[in-house]
Structures are given as C-alpha cells and as structure tokens.
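Notes for the one structure printed next.
The values are calculated or read from the model by the stated rules, or taken from the named source; none is laboratory data. Given the structure is predicted, the values throughout are model-derived calculations rather than measurements. As a convention, Cβ positions derive from the backbone with ideal geometry for all residues, glycine included, and neighbour counts pool all protein chains shown. Surface areas here come from the heavy atoms of the whole protein model, side chains and all, with no ligands, DNA or RNA. Shrake-Rupley method; radii C 1.70, N 1.55, O 1.52, S 1.80 Å.
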Amino acid sequence: MDTKLTFLAAFDDLMRNAKVLQVGIEPEFRRFVGNQQECQRKWRDAETELDRIKEKVKALEEENSLLKTKLRHAHVQIEREADERRRIEHNKLEL
C-alpha cells in the first residue's frame with residue numbers, strides 16, 4: 001500500500017512539473033529580466049550618487065581644515081595682542 005501512495009505522489013509531482021513545461025514561464029522571465037535591468041540602473045545611479053557625495057565630503061573636509069587653520073591663526077593673533085596690551089599697561093603702571 002505504501003508503494004502505491006509513493007507512486008501516486010511521484011505521479012502528481014510529475015504532472016505538476018509537466019504543466020510548468022507546457023505552459024512556459026516566459027512572461028515571468030521577462031518580468032524578472034526587466035526587474036534586473038531596473039536594479040542595475042538603480043545600482044549605477046547609487047554608485048554615481050556615492051561618488052558625488054564622496055567628492056563633496058572631501059571638499060568639505062578641506063574647507064574645514066582651512067577654517068581650523070584660520071581659527072588657530074586668529075587665536076595666536078589675539079594672544080599676541082593681549083600680551084602686547086598687558087605689556088603696555090604694565091609699562092604704563094611703572095611710570
């Protein structure tokens with residue numbers, strides 16, 4: 001009895017597989033290919049956007065570095081002026 005069920009299950013599987021081969025899957029395959037092309041386009045667009053953003057980050061980092069340098073120079077200049085002012089006030093008090 002078990003063999004008859006096994007043969008019956010195998011026959012059912014064979015019939016289901018045969019229907020797929022008879023009907024074909026061309027429409028699904030075309031849809032798949034179209035989706036893959038869309039994915040590739042999106043991927044290319046994302047890579048282009050990534051390159052653009054990397055360039056922008058690099059430019060902003062360079063600008064940030066330049067501004068930090070200017071800030072350091074400004075701090076040095078302020079310290080010099082403060083030292084000079086203290087020296088002048090000290091000299092003024094000595095007189």
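Placing a pseudo-label 7 Å from each Cα along the Cα-to-Cβ vector at Lys54 and Glu81 gives an inter-label distance of 4.3 nm. On the chain, 60 percent of the accessible area sits on carbon and sulfur atoms, based on a 1.4 Å probe.
Here the sum of -39500 (n - 2.57) over DSSP H runs of 4 or more residues, divided by the residues of the chain, equals -35500 deg cm²/dmol at 222 nm, to the nearest 500. Rounded to the nearest 0.05, the FRET efficiency derived from the C-beta distance between Gln37 and Asp12 at R0 = 35 Å is 0.40.
Computed from point charges on the beta carbon alone (+1 for Lys and Arg, -1 for Asp and Glu), the dipole magnitude for the chain about its Cα centre is near 140 Debye.
The mean accessible area for residues of the chain, using a 1.4 Å probe and ignoring ligands and nucleic acids, is 101 Å² per residue.
Each residue of segment 83-95 was assigned a 3J(HN,Hα) from its phi angle through the Karplus curve 6.51 cos²θ - 1.76 cosθ + 1.60 (θ = phi - 60°); the sequence is 4, 5, 5, 5, 4, 5, 5, 4, 4, 5, 5, 5, 6 Hz, with glycine and proline shown as x. Site pair Leu66 and Leu21 shows an inter-label distance of 7.1 nm when each label is modelled 7 Å from Cα along Cα→Cβ. Electrostatic bookkeeping for Glu81 treats Lys and Arg as +1 and Asp and Glu as -1; over the other residues with beta carbon under 14 Å from its beta carbon, the sum is 0. Per-residue 3J(HN,Hα) values for segment 16-31, derived from phi via the Karplus relation 6.51 cos²θ - 1.76 cosθ + 1.60 with θ = phi - 60°, read 4, 5, 5, 4, 4, 5, 6, 6, x, 10, 4, x, 5, 5, 4, 5 Hz in sequence order (x marks Gly and Pro). So how far, in whole Å, is the C-alpha centre of segment 30-95 from the one of segment 6-25? Using only Cα atoms to place each centre, the spacing works out to 65 Å. Over all other residues within a Cβ to Cβ distance under 14 Å of Leu71, the charged ones net out to +1, with Lys and Arg as +1 and Asp and Glu as -1. For the chain, a Kirkwood hydrodynamic radius built from all Cα pairs, placed in the Stokes-Einstein relation at 10 °C and 1.306 mPa s, yields a translational diffusion coefficient of 73 µm²/s.
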